[in-house]
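Peer 1: A single structure is presented below for examination.
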Amino acid sequence: MKSVTGFIQACIILIAILLTIWAFSRVALRETGRLFQDSSEQVELVVMHWAGGGGQQEDQIVEDSLRAFEEQNPGIVVKRINPGDSGQYFTKLQTMMAADDPPDVFYMDFSRMPAFVGAGQLEPLDQVVPVEDFFLPTVDAFRWDGTRQGRGPLYGVPKDFTTLGFYYNKSLFDRAGLAYPSDDWTWSEFIEAARAIGSLDPETTGAEIVTWDFVLRAMLWTEGTDILDDEGRLVLDDPALHATLERLRSWRFDEDDTLLGAEAEGLDPSSLFLTGRLGMVGPFGRWVVPSYREIPSIDEGGFEWDFAPLPSGARQANTIATVSWALASGSKHPEEARKLLAWLVGPETQAAQARLGLAIPTLDAVARSDAFIDPTVPPFNDQAYLDAVEYARVTDWPLDREFSLQFSRWMDLTLRSNRDLDQSLEGFDLWWKRKQASPLSGRDFAPMPWGLLLTGLLCLLAIPALVVWRRRPP
């Protein structure tokens with residue numbers, strides 16, 4: 001029995017010692033590596049990004065741009081990390097931030113930016129590039145004053161962007177005897193076209209409207225309404241708000257073959273357009289273009305298609321979806337990192353990205369060049385994306401990211417499941433009031449010092465191990 005007890009005690013001691021050695025050696029190796037790196041002439045920068053809809057082509061463009069930067073900047077070596085899609089990317093980024101080992105330069109989505117700024121993890125970038133060369137709304141998307149987006153210091157330099165609209169099947173418009181959508185078309189013209197196409201045959205549906213949070217906000221703007229007032233407060237009693245949402249619900253559930261029904265739930269709406277049996281789909285940005293360019297021509301059994309901007313109601317409106325390059329506030333080489341960031345948003349890289357069709361250059365001159373505007377391939381209406389910038393704006397949200405998630409959840413109960421609209425609005429309003437009343441609401445918490453906590457925990461484990469060791473039988 002004593003031998004078993006002694007064996008267990010020895011195992012506990014060994015585990016505690018090994019964990020302690022591991023913790024301290026990990027820190028020591030990291031800091032030693034940084035010391036030697038800082039003392040050498042060579043600087044290593046870490047860049048992290050995702051590939052998204054551009055796939056391997058986008059991945060290769062980033063790789064080529066980094067190697068070209070190295071050639072122009074001897075003494076700087078750039079390590080590239082691509083964890084996968086955007087979900088995997090942000091999981092990896094948060095893990096690296098928590099470990100106090102962030103990448104130097106990395107992608108930052110406009111909707112996630114405020115949370116990283118609030119945690120003190122992003123470096124202001126107002127002086128990195130001449131912002132007057134960029135489309136102003138794309139720059140404003142990465143400004144944050146601590147309360148609202150679109151104001152204050154700049155925390156990301158936009159690399160590309162898109163406005164929203166509908167992609168339409170020109171062949172189905174021809175069959176229905178419809179004129180193609182104009183750049184100033186209205187929601188009335190949209191629904192008339194959807195009804196006409198939906199009545200062509202039992203296999204054809206007029207349109208599909210996605211109701212993602214930022215897309216739904218943009219559609220509300222076209223009717224002069226919104227869920228937030230100018231001070232960012234939730235306001236749900238506007239009659240125009242109710243009318244717009246009820247109209248969307250009615251188009252799906254009170255009409256036959258105008259919009260896709262419940263049988264399409266769970267399917268990728270953008271891929272349904274590829275079947276050739278859907279008249280219009282959106283509101284989407286440029287991200288669907290690479291896959292839509294694979295649609296065969298009419299001679300090959302496919303169909304012709306094009307793009308039209310978001311229809312207007314009471315007014316024209318649109319939103320900006322954009323991604324930036326950002327700089328970690330914890331970068332060990334901020335000067336070199338700023339130089340790299342400016343390179344990555346330069347005209348050469350933006351032009352290469354634009355040729356994929358995936359997004360629009362944020363540099364005005366590049367966007368208006370043949371790198372983006374190409375009348376030989378669809379969509380032929382490239383100019384419509386740029387014209388919409390004049391009346392587009394940032395979709396700003398409260399700092400609490402759960403707000404947009406809950407907004408989507410409650411609206412989907414009506415717009416995707418046919419629940420009473422008033423019940424959904426009341427439910428969302430009640431949830432937000434309770435969230436605001438919580439003592440944790442609106443408070444900023446410092447990042448958890450996991451390294452320090454782990455070291456402390458291991459030290460605490462080492463104390464009883466030492467006691468057991470000292471009390472062991474001779």
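Peer 1: Counting other Cβ atoms within 10 Å, keep those with at most 15, restrict to DSSP loop, and tell me which trypsin sites (Lys or Arg not before Pro) in segment 204-262 are left.
Peer 2: Hits after loop and neighbour filter: 233.
Peer 1: OK, next. Residue-wise, which Karplus ³J(HN,Hα) couplings in Hz belong to segment 114-119, taking 6.51 cos²θ - 1.76 cosθ + 1.60, θ = phi - 60°, and x for glycine or proline?
Peer 2: Along segment 114-119, the couplings run x, 5, 5, 5, x, 8 Hz.
Peer 1: Of all GluC sites (Glu not before Pro) in segment 276-317, which ones are in loop regions per DSSP and have a Cβ with at most 14 other Cβ atoms within 10 Å?
Peer 2: When the GluC sites (Glu not before Pro) of segment 276-317 are filtered for loop state and at most 14 Cβ neighbours within 10 Å, 294 remain.
Peer 1: In a shell of Cβ-Cβ distance under 10 Å around residue 249, excluding residue 249 itself, what net charge do Lys and Arg (+1) and Asp and Glu (-1) give?
Peer 2: Around residue 249, the charge tally is +1.
Peer 1: Then there is this: Can you spot the lysines whose alpha carbon is less than 25 Å from residue 159's alpha carbon? Ignore those fewer than 8 places along the same chain.
Peer 2: By straight Cα distance, residue 159 reaches 79, 92, 332, 339.
Peer 1: Using the basic label-point model (7 angstrom from Cα toward the beta carbon), what is the residue 304 to residue 73 distance in nanometres?
Peer 2: Each label point is offset 7 Å from its Cα along the Cβ direction, giving 4.7 nm.
Peer 1: Report the extension gain between residue 41 and residue 431 in nm, rounded to one decimal, defined as 0.36 nm multiplied by the number of residues separating them, less their alpha carbon distance.
Peer 2: Between residue 41 and residue 431, full extension yields an extra 134.8 nm.
Peer 1: If you don't mind, another one. For a quick check of your reading of the filter: which GluC sites (Glu not before Pro) in segment 155-256 sit in a DSSP loop and have no more than 10 other Cβ atoms within 10 Å?
Peer 2: Passing sites in segment 155-256 are 203, 231.
Peer 1: What is the local net charge at residue 165, summed over the other residues whose Cβ is closer than 11 Å to its Cβ (Lys, Arg +1; Asp, Glu -1)?
Peer 2: The answer is -2.
Peer 1: A further question on this structure: Give me the log10 of I(q) over I(0) for segment 185-275 at q = 0.10 Å⁻¹, as the Debye formula computes it from C-alpha points; what are the numbers?
Peer 2: With no solvent term, the Cα-only Debye profile gives -0.31.
Peer 1: Further question on the same structure: Between residue 60 and residue 180, what length in nm is gained on full extension when 0.36 nm per residue of separation is reduced by their alpha carbon distance?
Peer 2: That works out to 39.5 nm of additional length.
Peer 1: Skipping prolines and chain starts, which residues have an amide H placed within reach, meaning under 5 Å, of the one on residue 81, given they are 5 or more residues away or on another chain?
Peer 2: Result for residue 81 returns 47, 48, 49.
Peer 1: Just to confirm a number: summing +1 for Lys and Arg and -1 for Asp and Glu over residues other than residue 132 whose beta-carbon lies under 14 angstrom from that of residue 132, what do you get?
Peer 2: Summing Lys and Arg as +1 and Asp and Glu as -1 gives -4.
Since every read-out is calculated from the coordinates, none of them should be taken as a lab result. Since this is a predicted model, take the numbers as computed values, not measurements. Please note: Cβ atoms are built from the backbone with ideal geometry, for glycine as well, and neighbour counts cover all protein chains shown.
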